[in-house]
Amino acid sequence: MSGGPAALARLKEGNRRFVSELQGTAADTGERRRRELIGGQEPFAIILGCSDSRVPAEIVFDQGLGDLFVIRVAGNIVAPSQIGSVEFAAELFGTRLVVVLGHSMCGAVLATLEELERPTERRSPNLRSIVDRIRPAVEGLLEARVGRDRKDLVHHAVRANIRASVDHLRHGSEILERLIQQDGLLVVGAEYSLETGVVDFFDAGVA
């Protein structure tokens, strides 16, 4: 099982292949690999990503069957079920890298900004629960008027939301805190660019 830094390097290299349109050169999705995985799995990275159809983690990182343990939810938010899924993979499989993968122009973040600017009661309670998870990370940006234009505001909001999810995973679970402090678990934040396909690992700290 790869340690956190080695796993991170593997993801970065896979993304470079994807951007260079060399994907598929390393990803194993064939019958032999499928049969190897019948008895179990050892994913080298856990990805908590957005459900957006344009950001499939296995393709973005050019990985094959059994390589990534992927959790997808609108806005890459962290709720109890997501924390439990990360704990499950980190403990059971020994995976030592967690990546919170957001992306540019995230619809859930845009919806949250719109809700803060023009509150409405028309959203369903389920959609509102997603907005409410994102709200604390971005409402201060509106108050401080961060970003000179709308595009800058959205960019800052996307990254603030990613950082909030990273912080929640680092400090919102006794199991994950123990693995970070004692067993080398690495939790990082990253943003995928819809425009270029590049993943920017902008929050790679461990505290």
Rank-order 92-103, 128-139, 110-121 by packing density, defined as the average count of other C-beta atoms within 10 Å over each peptide's residues, highest first. 92-103, 128-139, 110-121
Using all C-alpha to C-alpha distances in the stretch 18-80, build P(r) with 10 Å bins and read off the rounded percent in each one. 20, 45, 30, 5
If you average the alpha carbon positions of the stretch 25-67 and of the stretch 118-170, how far apart do those two centres end up, in angstrom? 29 Å
How would you order 39-48, 55-64 from highest to lowest mean count of nearby Cβ atoms within 10 Å? 55-64, 39-48
Sticking with the crude label model, points 7 Å out along Cα→Cβ, report the distance from residue 194 to residue 38 in nm, one decimal please. 4.2 nm
Stokes-Einstein, Kirkwood over Cα pairs, the chain, 25 °C, 0.890 mPa s; D in µm²/s equals 139 µm²/s
Pull out the extension gain between residue 9 and residue 121, defined as 0.36 nm times the separation in residues minus the alpha carbon to alpha carbon distance; nm, one decimal. 35.8 nm
Rounding to the nearest 10 and keeping the result within 0 to 90°, find how far the Cα-based axis of helix 150-171 lies from the longest principal axis of the chain. 60 degrees
Residue among 54, 16, 159 with the largest mean-square fluctuation in a Gaussian network model of the chain, springs linking Cα atoms under 10 Å: 54
With only helices counted (DSSP H, runs n ≥ 4, each -39500 (n - 2.57)), the per-residue ellipticity at 222 nm for the chain, to the nearest 500, works out to -15500 deg cm²/dmol
Here, residue 28 and residue 175, labelled 7 Å along Cα→Cβ, have an inter-label distance in nm of 2.8 nm
Sequence-distant or interchain residues sharing an amide H contact under 5 Å with residue 47, placed H: which? 69, 70, 71, 99
Let's see if you can work this out: charge +1 on each Lys and Arg Cβ, -1 on each Asp and Glu Cβ, no other charges. What is the dipole magnitude of the stretch 110-207 about its Cα centre, in debye to the nearest 20? 240 debye
Mean separation of Cα contacts under 8 Å (6+ apart) over length of the chain, as relative contact order %: 24 percent
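None of the figures in this text is laboratory data; all of them are computed from the coordinates on show. This one's a predicted model, so the numbers in the text were calculated from it and none came from an experiment. In this analysis, Cβ positions are derived from the backbone assuming ideal geometry, glycine residues included, and neighbour counts consider all displayed protein chains.
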